[in-house]
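Down below is the structure, laid out as structure tokens.
Throughout, read-outs are computed from the coordinates displayed, never taken from laboratory work. The model shown is predicted, which means the values in this text are computed figures rather than measured ones. Here the Cβ is made from the backbone with ideal geometry for all residues, glycine too, and neighbour counts use every protein chain on show.
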Amino acid sequence: MFRDVTTLFLNAHGLKAAIDEMVKPYRNLKIHKVAGLEARGFILGGAIADRLSVGFVPIRKAGKLPGNVISQDYELEYGQATLELHDDCIEASDKILLVDDLLATGGTAEAGIKLIEKLGGEVISCSFIIDLPELGGRKHLEQMGFEVNALCDFEGD
């Protein structure tokens, strides 16, 4: 079963409610930037960054960013991929909120975290709309020492 949030994005009230809920845990925390994982993490991350009055950092698939980048390979359920980040977009000690639409195995989020840490940033939390608990992403990220928030879980296939 493929889980998708694009129908949520089509509904103005649903999108607003999701972003409102994703922002709540972070309103009173010191966050310097929101990092969004390509591609739906851009939609959510940009809106969350705006609500928190902080900058937005896109973490993109290989070859999509101009200029100097750093790269991180990671495993997918169906192969391997690479994420990239501008090498000057995060300052040492920046506190970063990592955002995406869905948490499955945690491989993409882990690659994003590694990129942020390479630049000296500190990921303070990871936020998703959907968690697929049976795929173990939350457990994996929490075992790495990261807080994980998700608006809903979908059990089973």
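A few remarks follow.
- Candidate values [x] 32, 21, 14; [y] 24, 17, 16; [z] 22, 19, 15, label of the one derived for semi-axes √(5λ) of the Cα gyration tensor in Å: [z]
- Stretch gain in nm, segment K30-L151, where the contour uses 0.36 nm per residue and the Cα spacing is subtracted: 41.4 nm
- Dividing the mean sequence gap of close Cα pairs (under 8 Å, 6+ apart) by how many residues region 53-113 holds gives a relative contact order of 33 percent.
- Of the chymotrypsin sites (Phe, Trp or Tyr not before Pro) in region 1-106, the ones in a loop by DSSP (not H, G, I, E or B) with at most 11 other beta carbons within 10 Å are F2, Y78.
- Max mean-square fluctuation residue, GNM over the chain, Cα-Cα springs under 10 Å, options G106, G63, G45: G63
- Each part reduced to its alpha carbon centroid, region 12-32 and region 125-149 end up 17 Å apart.
- Sorting D153, D94 from the fewest to the most surrounding beta carbons within 10 angstrom yields D153, D94.
- Qualifying GluC sites (Glu not before Pro) in region 78-144, DSSP loop, other Cβ atoms within 10 Å at most 11: E91
- Antiparallel bridges, percent of DSSP beta bridges restricted to region 31-152 (to nearest 5): 30 percent
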